[in-house]
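Below is one structure, written out as structure tokens; the observations come after it.
The values are calculated or read from the model by the stated rules, or taken from the named source; none is laboratory data. All values reported here derive from a predicted model rather than from experimental measurement. Quick reminder, even Gly has a Cβ in these numbers, built from the backbone with ideal geometry, and neighbours come from all protein chains shown. The protein model used for the area step is the full one, side chains on, heavy atoms only, and it has no ligands, DNA or RNA in it. Shrake-Rupley method; radii C 1.70, N 1.55, O 1.52, S 1.80 Å.
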Amino acid sequence: MKKYGLNELREMFLSFFEEKDHLRLQSFPLIPQNDASLLLINSGMAPMKPWFTGEQEPPRKRVCTCQKCVRTGDIENVGKTARHGTYFEMLGNFSFGDYFKSEAIAWCWEFLTERLGMDPALLYPSVYIEDEQAYNIWKDEIGIAPERIVKLGKEDNFWDHGSGPCGPCSEVYFDRGEARGCGSDDCAPGCDCDRYVEIWNNVFTQFDNDGSGNYSELSQKNIDTGLGLERLACVCQDVENLFEVDTIVSIMNKVSAICGIAYGKSEKSDMSLRVITDHIRSSTMMICDGVLPSNEGRGYVLRRLLRRAARHGRLLGIDGLFLYELCDAVIENNKSAYPDLVEKKGFIARIIRIEEENFGKTIDVGTTILNGFMEQCIAAGEKTLSGEDAFKLYDTYGFPPDLTVEILAENGLDVDLISFDKHMDEQRSRARKARELLGDLAWAGIDLGLDNTPTIFSGYENLRDNALVLAIVAQGELCASIREGDEGTIVLDKTPFYAEMGGQSADFGTISCGNAVFDVRNVQQNNGGKYLHHGKVRSGEISVDSAATAEIDVSRRKAIMRAHSATHLLHEALRSTLGEHVRQAGSLVEPDKLRFDFTHYSALTADELAEVESKVNAAILDGLSICVDEMPLNDARDLGAIALFGEKYGDVVRVVKIGGDYSIELCGGTHLDNTAKAGAFSLSSEFSVASGVRRIEATTGMVTIDALNVARGHLSTLSGILKAGAPADVIMKAEQSLQTIRDLRAKLESEGAKAAGSESEQLLNNAKPIEGLQLVASIIDGANSDKLRQMSDSLRDRSPDVVAVLAAVNDGKITIVAACGKSAIDRGIKAGDIIREVSKHCGGSGGGKPDFAMGGGKDAGLLREALDTLDIMVAKSLSHAGN
């Protein structure tokens, strides 16, 4: 059998089934489409569920694919053995009510024996013990001897997941030889050892399970075939495991080149090499398909993979960033099948690098603190880290709990997960109560006692319209009328008021019935499509069934339109400046103010912000026409209209086009008819709101002009304070003032250092000699932590024999520092050990390095007693060290 490469095998399989009239489909994205049951696609048939269930019509009755898959149920086991991996590719041929068992089995055998050249004597088919049809096909049609056909039970050879379509399986095992076996006399296909490897699985979907174990025949029988590409490559290339397959070992070799450690040197380093190799494959593919690091869902899976890989890089001795370099190897080995990897190469590397940089800040601090916790556990003879400490690592320092568990396990410890979960639940409860305090428009959910006819919205064409009052709600109940001073909700049969939706704020205005006037201050749309106008009666009385005139606040509507049209211009400016990966992730449009959330992996630079703002203002000054059309969704997509990710649209959509093709978006909001009417546009802030999501806040129209006037006034005031001759001189005057402040601060610090040195010299003159060392233990009245550190540094610099402990009490809080000179350290005296004992004596804690440590305490009455025992502590330490 020829040793085919992984990429060759993929193409051979797909080409073979194209010859059998199958439609070759590209791999579906790893992000499931319209399937909330999965975080990530984890099998070849997962994206085809609607075709198997009959909910949707497949593009053809015969289909073949090579599907990218990620399984994350056992991330912590990946690397421990060479069997586990998170990313893999699944080859499959599928039939939706077309061919069945005879063809599926025959083509399976033909591909393995004729196309790949496998020795038939090494192949063993298995069937479900009750599936005589499959057994007879193998025996009579393929010609396999009965003793070579293995019958297995329901646990091994029947695909069933509760209620729904199910059926028996027929697998093909490859015999890799006795050398890879377990040596047992009853070793045979189905054994857990490495001798017989399952390389093909035909699932015959022919039954329907009613959920109670009763099976009936399906009228449409399907074929669902699966064979792991990496496993097939292992067999064809005659290598031990997936990490030795050609395309994968190429990635691992690059890891080895970076760390200088070859695979096979030790089991410990091999584990880290496997972890990094697998996780960078998964991460690269996930980012390419649109997954970004975050703290929940599939984004957290990606973050967990990258962080675990980064930590194992440190275990291999890699200090700097390296993961972003590895994605090149993944792309190079997979670009023939997935060319979009090449297109997104720069984007993928930047996402990985940013995540790696961010985690670098977390892991060093978190690991140091976790090491301290482990030392305390071991010293106390305990095997379990408290849930409180694990939660503190996560909540305060951002250290992932899964990494805490893994590191503890490597050191023979575990964590109190019950307590950890309790702290997490308490945090969620606090967050939930905080959200509840924000309140809610409860009136939007009241039963109005009306039919399901939606309110007619006329606000695209009309700013004022006649209507009929259908219902009134006041004090949480339906009522016949409301009078002057009453707050309530009015429902009309039609309205020009835009309800708050799609990120656009609601219109304000009035509803009038004769002399009665109702001021509208909020408009919401309920699930039935009714527009609920909330506000207060200014005068008169309004009753149900009254004729009314609804009129919006035109100046507010215009200001909202200015901001909304500018939001579309901003979206286009961001995409042209930062890249096509930018997608809207949320927005809020208010009168002449806007907030726009978008996908991006890093903060915008000052130059990028300036470019974006300039592009928006240029589009405004160009006076581009704005046209709104309604059309079928497919026609809008053909135009290239941008849709909001995750939003559901009807068959007919509203398309907003600016300047012909400058910007084309699906949008139900209200807009200007020309960009020139937006007025001046100004970016006011840009910041992160979630991992991979940035937010821009900006203004248009009068709000921008008002802000410019305020800024002009502030500049004039500042000019007067600094005594600048003109506003243009303010910067020079400010720099001069800052330089004066810096000079004074430097002089003050210099004087402070001299004073500290003088005090330190005096303390050293009064030091207590202990076996050739000089012990300084003193309470420094009125000193803060900076002064204590300054004095301890001075003492250590003046004498290598010094052991100094300085303390201060401010507002009942004890601050303690310890410093040891080089000679003292060489004789076994360490500042960290001293500070732990002194702090503990005072009811506190502390720690640090051998030459300097810092701590605190709670009981000031015990401080002097703690310092007085230092000579005994130092002498004992010298005795134990043999000095």
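Taking the condition of being touching a Cys at 6+ places or on another chain (Cβ under 8 Å), outside any loop (DSSP other than H, G, I, E, B) and more than 24 Å from L14 (Cβ to Cβ), how many residues in region 194-238 meet it?
Counting residues in region 194-238 that are touching a Cys at 6+ places or on another chain (Cβ under 8 Å), outside any loop (DSSP other than H, G, I, E, B) and more than 24 Å from L14 (Cβ to Cβ) gives 5.
Need a quick list: strands (runs of 3 or more DSSP E) entirely within region 593-680 having at least 3 residues that are under 30 Å from N358 (Cα atoms) and open to solvent by less than 60 Å² (accessible area, probe 1.4 Å).
593-599
Test V817 against the stated conditions and say whether it is buried (at least 22 other Cβ atoms within 10 Å of the Cβ) and under 41 Å from the mean Cα position of the chain (by Cα).
yes
Looking at S823, S792 in this structure, which one is among the polar types (S, T, N, Q), open to solvent by less than 60 Å² (accessible area, probe 1.4 Å) and under 24 Å from E749 (Cβ atoms)?
That would be S792, the only listed residue that is among the polar types (S, T, N, Q), open to solvent by less than 60 Å² (accessible area, probe 1.4 Å) and under 24 Å from E749 (Cβ atoms).
Filter region 133-180 down to the residues that are among the acidic types (D, E) and in contact (Cβ under 8 Å) with a residue 40 or more places away in the chain and list them by number.
Passing the criteria: D160, E171, D175.
Of the numbered conditions (1) of a type in the set (V, I, T); (2) open to solvent by 50 Å² or more (accessible area, probe 1.4 Å); (3) out of contact with any strand residue (DSSP E or B) (no Cβ under 8 Å at 6 or more places or on another chain), I137 fails exactly one; give the number of that condition.
(2)
Restricting attention to region 239-271, report how many residues are over 30 Å from N157 (Cα atoms), open to solvent by 20 Å² or more (accessible area, probe 1.4 Å), part of a helix (DSSP H, G or I) and of a type in the set (D, E, K, R).
Residues meeting the conditions: 4.
Quick check on my filter: what residues within region 548-571 are of a type in the set (S, T, N, Q) and outside any helix (DSSP H, G or I)?
Answer for region 548-571, where residues must be of a type in the set (S, T, N, Q) and outside any helix (DSSP H, G or I): just T549.
In region 379-391, what residues are surrounded by fewer than 18 Cβ atoms within 10 Å (Cβ to Cβ), touching a residue at least 12 places away in the same chain (Cβ under 8 Å) and part of a helix (DSSP H, G or I)?
Scanning region 379-391 gives a single hit, E388.
To keep it simple, each residue is scored yes or no on (1) over 16 Å from I560 (Cα atoms); (2) of a type in the set (D, E); (3) open to solvent by 10 Å² or more (accessible area, probe 1.4 Å).
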site	(1), (2), (3)
I490	yes, no, no
D493	yes, yes, yes
G503	no, no, yes
D507	no, yes, no
V517	yes, no, yes
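I318: of a type in the set (A, V, I, L, M) and closer than 20 Å to Y601 by Cβ, yes or no?
Judged against the criteria, I318 is not a match.
Determine the pairs where a residue that is within 26 Å of Y196 (Cβ to Cβ) and of a type outside the set (A, V, I, L, M), located within region 241-253, has a partner that is modelled with pLDDT under 95 and open to solvent by 30 Å² or more (accessible area, probe 1.4 Å) with Cβ atoms under 9 Å apart, the partner being 6 or more residues away or on another chain.
If the second residue must be modelled with pLDDT under 95 and open to solvent by 30 Å² or more (accessible area, probe 1.4 Å), the pairs left are N241/T81; N241/R83; N241/D194; F243/Y263; E244/Y263; D246/K3.
Give region 331-367 a look and list any residue that's touching a residue at least 40 places away in the same chain (Cβ under 8 Å), touching a helix residue (DSSP H, G or I) at 6+ places or on another chain (Cβ under 7 Å), assigned to a helix (DSSP H, G or I) and over 27 Å from F399 (Cβ atoms), or say none.
Once the filter is applied, which keeps residues that are touching a residue at least 40 places away in the same chain (Cβ under 8 Å), touching a helix residue (DSSP H, G or I) at 6+ places or on another chain (Cβ under 7 Å), assigned to a helix (DSSP H, G or I) and over 27 Å from F399 (Cβ atoms), region 331-367 yields I331, N333, N334, D340, L341.
Filter region 157-200 down to the residues that are touching a strand residue (DSSP E or B) at 6+ places or on another chain (Cβ under 8 Å), acidic (D, E) and farther than 30 Å from K49 by Cβ and list them by number.
Hit for region 157-200 is D175, nothing else.
Among the candidates D851, D826, D781, which residue alone is among the charged types (D, E, K, R), touching a Gly at 6+ places or on another chain (Cβ under 9 Å) and free of Cβ contacts under 8 Å to residues at least 60 places away in the same chain?
Just a single option satisfies the conditions, and that option is D851.
Go through (1) open to solvent by less than 30 Å² (accessible area, probe 1.4 Å); (2) in contact with a helix residue (DSSP H, G or I) (Cβ under 7 Å, 6 or more places away or on another chain); (3) closer than 20 Å to P454 by Cβ one by one and return the number of the condition H534 breaks.
So H534 meets the others, but not (1).
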